[in-house]
1. Six or more apart or on different chains, Cβ under 8 Å: which pairs go from a residue in region 39-50 that's under 15 Å from GLY6 (Cα atoms) to one that's among the basic types (Lys, Arg) and exposed (fewer than 14 other Cβ atoms within 10 Å of the Cβ)? Could you list them?
2. Report, by residue number, each residue of region 56-89 that is polar (S, T, N, Q) and modelled with pLDDT under 90.
3. Could you tell me whether GLU60 is closer than 20 Å to GLU2 by Cα, of a type in the set (Asp, Glu) and within 13 Å of the chain's Cα centre (by Cα)?
4. Under the condition of being modelled with pLDDT of 95 or more and not in a helix (DSSP H, G or I), which residue from region 19-55 is surrounded by the most Cβ atoms within 10 Å (Cβ to Cβ)?
5. Just for region 52-97: of the residues that are among the acidic types (Asp, Glu) and in contact (Cβ under 8 Å) with a residue 40 or more places away in the chain, which one is nearest to ASP19 (Cα to Cα)?
6. Determine, yes or no, whether ASP27 is closer than 19 Å to MET87 by Cβ and either out of contact with any Cys (no Cβ under 8 Å at 6 or more places or on another chain) or of a type in the set (A, V, I, L, M) (or both).
7. For SER92, indicate whether it is surrounded by 12 or more Cβ atoms within 10 Å (Cβ to Cβ), among the polar types (S, T, N, Q) and at pLDDT below 95.
Amino acid sequence: FEKFVGHQKCVAIGECGLDYYRLPELDERENYKSKQKEIFTKQIEFSIQHNKPLIIHIREASFDSLNILKSYPKAFGVLHCFNADGMLLELSDRFYYGIGGVSTFK
């Protein structure tokens, strides 16, 4: 990633985020979530280091996503295809929300 982040066509970091929609069986579930959170955190830190916006995907993971993003006040970007919990609107001072057709499903 370091090799490409400075290229003029690299305008954002992503798609990244948390997706708990299809989790494995119970015995593997927490490890799977932990790994997603670890990778998401590294992606956030990378975006901050390079002052690039994040393109974030959140599915069935609003609470964990909000807690992680609140701990990185310098993170900014877009919550694309937004159909998550309203609690994420708390981030509106530094994130845009992409509203697409999927919002009509709820």
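The values are calculated or read from the model by the stated rules, or taken from the named source; none is laboratory data. Quantities reported herein were computed from a predicted structural model and do not represent experimental measurements. Cβ sites come from the backbone with ideal geometry, for glycine too, and all protein chains shown count toward neighbours.
1. Going by the 8 Å Cβ cut-off, the qualifying pairs are ILE48/LYS74.
2. The answer is ASN83, and nothing else.
3. Taking the combined requirement at face value, the residue does not satisfy it.
4. Per the stated criteria, the residue is LEU54.
5. Only one residue tops the list, namely GLU60.
6. no
7. So SER92 fails the test.
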